[in-house]
Amino acid sequence: MIMKKFITIILGTSAVIAIFFVPATLFAATFNNDSRDFQTLRAGNYTKNPTTPSSAWTTSVNADGGDIVNMAVYYHNTGSDTARNVRVKLTPQTTSVSTSQVFLVTILADNSASVSGSATVLLSSSQSITFNGNVSWLPDQRQSGSQTLPSGQTGYELFSSSGLNIGDIASGWST
């Protein structure tokens, strides 16, 4: 919905009317802007550190050929309204051959500005990284007990133009 706002400027005997279009509502859902929030995207080397909690992951991780590297996407609605139709996009699905691979995640919602983050995987030799099809979703601050992705999604939606839809996310620390 768009609200029209009128401003009249009087110049001598003639009047000029300017019409400005302003969004009726400002973004009341906001992601990851609390000082206690994690980075939006973090990486961990599962092969070398399978028991490391995701809270210890970083934005840069070392890996060798054959290692399994995990990416943790963090989202926290710090705004006052429920974030509607929240989607997560990750790129790339498969990287080019290099010793440094950069991944980018974007979190979008219908009533929020998007938020992005990146993580780098530093490889011991030039190679590519490919998504292996495994996605674990741990909503509501779960530390274990992965949930089934909503609406029968498989995880490959992360790499689509619309992204992986995780639904509506209420405001606050519990969601």
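Looking at the P(r) of the stretch 41-175, how many percent of alpha-carbon pairs lie beyond 20 Å? Of all Cα-Cα distances in the stretch 41-175, 47 percent exceed 20 Å.
Distance from a point 7 Å along Cα→Cβ of Ser161 to each backbone N in the stretch 77-101: keep the residues under 18 Å and list them by number. Within reach of a label on Ser161, which here means backbone N under 18 Å from a point 7 Å along Cα→Cβ, the stretch 77-101 contributes 87-93.
Please report, in debye to the nearest 20, how large the charge dipole of the stretch 64-175 is about its Cα centre when each Lys and Arg carries +1 at its beta carbon and each Asp and Glu carries -1 there. Let's see the in-between values first.
Working: 4 positive and 7 negative charges, 15 e Å.
Charge dipole of the stretch 64-175: 80 debye, to the nearest 20.
Hydrodynamic estimate: the Kirkwood radius of the stretch 102-175 over Cα pairs, inserted into Stokes-Einstein at 10 °C and 1.306 mPa s, corresponds to D of 108 µm²/s.
Percent of accessible area on the stretch 63-119 owned by carbon and sulfur, 1.4 Å probe? Whole-percent figure for carbon plus sulfur exposure: 47.
Accessible area of Val86, 1.4 Å probe, to the nearest 10 Å²? Val86 exposes around 0 Å² with every protein chain in place. Extension gain for the segment Asn49 to Asn134, taken as residue separation times 0.36 nm less the Cα-Cα distance, is 28.8 nm to one decimal.
A straight chain from Thr91 to Asp110 at 0.36 nm per residue would run longer than the Cα-Cα distance by 4.8 nm.
The values are calculated or read from the model by the stated rules, or taken from the named source; none is laboratory data. It should be emphasised that the depicted structure is a prediction, and the values quoted were computed from it without experimental measurement. Cβ coordinates were reconstructed from backbone atoms using ideal geometry, including for glycine residues, and neighbour counts include every protein chain displayed. These area figures cover heavy atoms from the full protein model, side chains too; ligands, DNA and RNA do not enter into them. Shrake-Rupley method; radii C 1.70, N 1.55, O 1.52, S 1.80 Å.
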